[in-house]
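Nothing in this text is a laboratory measurement; each read-out follows from the coordinates by a stated rule. Values in this document were obtained by computation on a predicted structure and should not be read as measured data. With ideal geometry, Cβ positions are generated from the backbone for all residues, glycine too; neighbour counts draw on all protein chains shown.
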Amino acid sequence: MVAVKKTKKTHESINNRLALVMKSGKYTLGYKTVLDSLRSSKGKLIIISNNCPPLRKSEIEYYAMLAKVGVHHFNGNNVDLGTACGKLYRVSCLSIIDPGDSDIIKTLPGGQ
Amino acid sequence: MVKFLKPNKAVVILQGRFAGRKAVIVKNFDEGTRDRPYGHCLVAGISKYPKKVIRKDSAKKTAKKSRVKAFVKLVNYNHIMPTRYTLDVDLKDAVNVDSLVSKDKKITAAKAIKGKFEERFKTGKNRWFFSKLRLHNLLYIVGENTDSSIVLVEKGRSCSSSALLLEALGVSVPVYVDQMFL
């Protein structure tokens, strides 16, 4: 699978958008809550780190396909995603429930 | 953002006695109840799949091989894997929550479902639902080179239940990069 080389600029803007969601929106972090949010159709966008175990990644993608929710593969591992969320722990997958002021949901799906 | 855990959805049970069996959702309890304060659903599933029928079989043998044993169960959402398939069989009149209260009610409900399942199986529709989840010929990719030039596979022996089931669902085979094989 040829991955489109993400330029530094778009990567930074994703981080900015994520920071805005953390500040103003609603989100949940972690595999269990991501699946919960998908089942209850509350999740609007799922972000998965690149070192998420492939079985778990496939499972989340399948759930998201059933729920018709976009999945974004974050260009970084769980440590980076945790940092991008402003947390001091690793985050492998997260679900955005309410984007708040951010336009992350409009700009991201359609991409990876 | 679409609710997909709805009645008539085909699911695979992941835990418990019926792990690996296919079932269909009859009723959802998204918010849970007082006894079960978590999201769960009432499912009707296949306990014993119908066996493979061949042309040589006599009518008596075909009838025997096409038998289905059904079960009724309340399952936690965490213990099922939803699929993209549905099975539109009207089970609501046959099964409801109070048929799980006592054993004989459960048996009558299971018999009613068995009839409906057998009827549907004989029409030849919903073939996926009535076929056993084929776990014995799954390949479990153990290692792959960084440039994807070498892929080592191993016959799946003791993979976790969800791994096996995801593969059987036709989701892309998971790949693990194992340092030893590089």
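Residue order for B:123, B:83, fewest other beta carbons within 10 angstrom first, comes to B:123, B:83. With one equal scatterer per alpha carbon and no solvent term, the Debye-computed log10 I(q)/I(0) for the range B:9-130 at 0.14, 0.19 1/Å reads -0.59, -1.04.
By the beta-carbon count within 10 Å of each Cβ, the least crowded to most crowded order of B:117, B:4, fewest first, is B:4, B:117.
Dipole orientation for the range B:1-95: of the candidates B:46, B:23, B:80, B:46 has the Cα lying most toward the positive pole (charges on Cβ; Lys, Arg +1; Asp, Glu -1). Ranking of B:73, B:48 by neighbouring Cβ atoms within 10 Å, starting from the fewest: B:48, B:73.
Binning all Cα-Cα separations of chain A at 10 Å, short to long from zero, yields these whole-percent fractions: 15, 53, 31, 2. Spin-label model, residue B:66 to residue A:106: label points 7 Å out along the Cα-to-beta-carbon direction sit 5.7 nm apart.
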